[in-house]
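Beneath this line is the structure, given in structure tokens, with notes to follow.
The values are calculated or read from the model by the stated rules, or taken from the named source; none is laboratory data. Given the structure is predicted, the values throughout are model-derived calculations rather than measurements. Neighbour counts run over all protein chains shown; Cβ positions are idealised from the backbone, glycine included. In case anyone asks, the SASA skips ligands and DNA or RNA and just uses the protein heavy atoms, side chains included. Shrake-Rupley method; radii C 1.70, N 1.55, O 1.52, S 1.80 Å.
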Amino acid sequence: MKVLEVKEINKSFNKKKILENISLQVNEGEIVSIIGESGVGKSTFLRCINGLEKIDSGEVIINNNLVKNRISKHINLDIGLVFQEYNLFPQYSVLENVTLTLIKVMKIKKEEANRIAKDLLTNMNLAERVNAYPFELSGGEKQRVAIARTLATNPKIICFDEPTSALDPKLVEQIFKIIKELSNKGKAILIVTHDIKFADKISDRIIKFV
Amino acid sequence: MEWEYLVKLTKILLEGLQVSLKIFILTLIFSIPLGIIVSVLCMSKNKIISAFTKIYILIMRGTPLLLQIICIYFAPYYLFRISYNRFIAIIIAFSLNYAAYFGEIFRSGIESIPKGQWEAAFTLGFSKIKTFFIIIMPQAIKRVLPAISNEVITLVRDTSLAQVIGVTELFSIAQKQANFKFSIIPLLIAGLIYLIVSMILTLIFNYTEKKLDYYRG
Ligand SMILES: Nc1ncnc2c1ncn2[C@@H]1O[C@H](COP(=O)(O)OP(=O)(O)OP(=O)(O)O)[C@@H](O)[C@H]1O
Ligand SMILES: [Mg+2]
């Protein structure tokens with residue numbers, strides 16, 4: 001079943017065309033990678049489908065909901081983005097980074113939110129780090145917190161921007177396993193990467209942007 | 001000068017301090033939320049709103065507070081022959097003036113927070129208002145706390161300007177006593193009281209800064 005469908009989207013910055021008639025589908029449990037040279041618009045594409053940039057034309061359909069102008073909150077919860085720089089909230093602990101969305105956006109009670117967040121963090125191998133603050137974490141740990149935070153809304157689609165760019169080989173192996181496991185649980189995965197070897201190994205499909 | 005007089009003098013001055021502190025606290029209560037509003041209006045995408053806000057800030061920072069107090073108290077009289085409570089006029093003038101300074105400080109703090117924080121919150125389904133108050137503002141406040149502390153301590157001293165429209169506060173009482181007794185002692189005691197209040201505030205701000213030191217970023 002397809003959970004993400006992009007139909008002929010176009011996006012320009014200052015009259016310069018960055019995305020031209022891009023179409024793409026991702027099914028439940030499928031891993032799709034986007035590769036391409038620096039500056040072709042890979043990140044821009046992820047930003048467009050996550051509602052961080054307006055598209056000039058075309059359609060984005062997320063879990064059967066058509067995104068028109070602005071992505072609405074409930075559609076937003078169906079798609080998640082793990083940023084290249086992670087963008088954790090520095091003033092909140094690891095646990096709070098995950099519970100914040102559950103409590104403030106999804107209106108889940110605190111105890112329940114804590115339980116869900118601890119489960120997610122334990123799955124990310126972060127059970128011991130729940131009380132740490134983002135500045136105390138290594139890059140790999142930050143990334144896993146960012147993934148757990150994204151998973152809090154239980155999205156159908158998870159996007160990763162350059163998930164391996166800051167990781168050493170051992171951590172690349174770890175993120176590989178995490179992404180595979182997410183796809184086994186039925187999540188649709190969309191990865192933007194420079195790492196052709198990684199894309200080759202992990203993806204069901206690879207799309208090259210030119 | 002006898003001991004008895006000193007005790008009495010201190011008592012009188014402390015009564016004046018109460019008025020000064022009232023001005024101080026009420027000004028903070030009004031000017032901080034107003035300052036947040038000013039900062040948001042200043043960053044508005046609507047060019048007319050942001051231009052008006054910038055002009056307001058320019059006037060408030062570019063003219064003497066003394067003049068602003070006089071205008072706010074006397075303008076209604078000259079325009080409509082209405083006079084009103086001096087103390088209220090002082091609170092209005094101080095709040096409007098400090099809101100401009102706080103507004104500028106908050107704006108710089110908010111703008112210094114990386115865009116990625118807004119974007120992360122957006123992708124997690126936070127509304128703009130929630131993002132502002134839960135994610136952005138706490139980080140901005142940490143960054144601008146030293147600047148806020150400067151303004152707050154300046155405000156302690158500025159309360160003495162209230163006497164210009166006849167509000168009896170600490171400094172005006174000290175001056176009256178000094179003239180009355182041909183002595184500088186009342187003024188020195190008043191100075192000491194201002195100093196103590198500023199020291200207490202400095203301690204509170206240092207403590208708050210330490211408290212916020214639990215994270216970086
Ligand atoms: N907000 C913006 N305003 C103007 N131009 C932009 C903006 N965002 C991106 N661009 C431009 O769009 C183009 C595509 O950028 P994008 O970040 O999507 O590339 P990318 O494929 O992700 O590159 P990389 O592999 O280096 O991350 C670049 O030329 C960039 O300068
Ligand atoms: Mg990129």
- Item | Pairs, first free of Cβ contacts under 8 Å to residues at least 24 places away in the same chain in the range A:187-200, second away from ligand 2 (no atom under 12 Å from the Cβ) and among the β-branched types (Val, Ile, Thr), C-beta under 8 Å, six or more apart | A:Asp200/A:Ile206
- Looking at the range A:168-186, is at least one residue within 15 Å of ligand 2 (Cβ to nearest atom) and away from every other protein chain (no Cβ under 14 Å)? no
- Message: If I filter the range B:141-149 for residues that are at pLDDT below 95 and either among the charged types (D, E, K, R) or under 30 Å from A:Leu81 (Cβ atoms) (or both), do I get at least one hit?
- Response: no
- Query: Which one of these does B:Leu6 not meet: (1) within 19 Å of the chain's Cα centre (by Cα); (2) in contact (Cβ under 8 Å) with a residue 60 or more places away in the chain?
  - Reply: (1)
- Task: Count, please, the residues in the range B:22-47 that happen to be under 14 Å from B:Thr154 (Cβ atoms) and of a type in the set (A, V, I, L, M).
- Result: 2
- Task: Identify all residues within the range A:62-93 that are among the basic types (Lys, Arg) and within 9 Å of chain B (Cβ to nearest Cβ); write none if there are none.
- Result: A:Lys73
- Task: From the list A:Asn64, A:Asn10, pick out the single residue that is polar (S, T, N, Q) and open to solvent by 30 Å² or more (accessible area, probe 1.4 Å).
- Result: A:Asn64
- Does B:Ile184 meet the test of being out of contact with any strand residue (DSSP E or B) (no Cβ under 8 Å at 6 or more places or on another chain), open to solvent by 80 Å² or more (accessible area, probe 1.4 Å) and on the phi < 0 side of the Ramachandran plot? yes
- Selection from the range B:120-160 of residues free of Cβ contacts under 8 Å to residues at least 12 places away in the same chain, buried (at least 19 other Cβ atoms within 10 Å of the Cβ) and not hydrophobic (A, V, I, L, M, F, W, C) yields B:Thr123, B:Gly125
- Query: In the range A:36-68, what residues are among the small types (Gly, Ala, Ser) and within 13 Å of ligand 2 (Cβ to nearest atom)?
  - Reply: A:Gly36, A:Ser38, A:Gly39, A:Gly41, A:Ser43
- Can you name every residue in the range A:66-80 that is closer than 17 Å to A:Asn10 by Cβ and at pLDDT 75 or above? A:Leu66, A:Val67
- Candidate set from the range A:18-37 (those that are more than 17 Å from A:Ile206 (Cβ to Cβ) and near ligand 1 (Cβ under 10 Å from one of its atoms)); member that is least open to solvent (accessible area, probe 1.4 Å): A:Leu19
- Item | Search result, residues across the range B:22-31 that are open to solvent by 60 Å² or more (accessible area, probe 1.4 Å) and of a type in the set (A, V, I, L, M, F, W, C) | B:Ile25, B:Ile29, B:Phe30
- Message: Looking at the range B:125-148 only, could you name the residues that are out of contact with any Ser or Thr (no Cβ under 7 Å at 6 or more places or on another chain), among the small types (Gly, Ala, Ser) and facing chain A (nearest Cβ under 10 Å)?
- Response: B:Ser127
- Message: For the range B:107-124: of the residues being of a type outside the set (A, V, I, L, M, F, W, C) and away from chain A (no Cβ under 14 Å), which is nearest to A:Leu100 (Cα to Cα)?
- Response: B:Glu111
- Which of the residues belonging to the range A:83-94 are more than 16 Å from ligand 2 (Cβ to nearest atom) and within 19 Å of the chain's Cα centre (by Cα)? A:Leu88, A:Phe89, A:Val94
- Query: From the residues in the range A:1-17 that are of a type outside the set (Val, Ile, Thr) and more than 12 Å from ligand 1 (Cβ to nearest atom), which one is nearest to A:Asn76 (Cα to Cα)?
  - Reply: A:Leu4
- Query: (1) of a type in the set (A, V, I, L, M); (2) more than 16 Å from ligand 2 (Cβ to nearest atom); (3) within 26 Å of A:Gln91 (Cβ to Cβ); (4) away from every other protein chain (no Cβ under 14 Å): which one isn't true of A:Ile202, the others all being true?
  - Reply: (3)
- Task: For the range B:69-83, indicate whether the set of residues that are in contact with an Asp or Glu (Cβ under 8 Å, 6 or more places away or on another chain) and polar (S, T, N, Q) is non-empty.
- Result: no
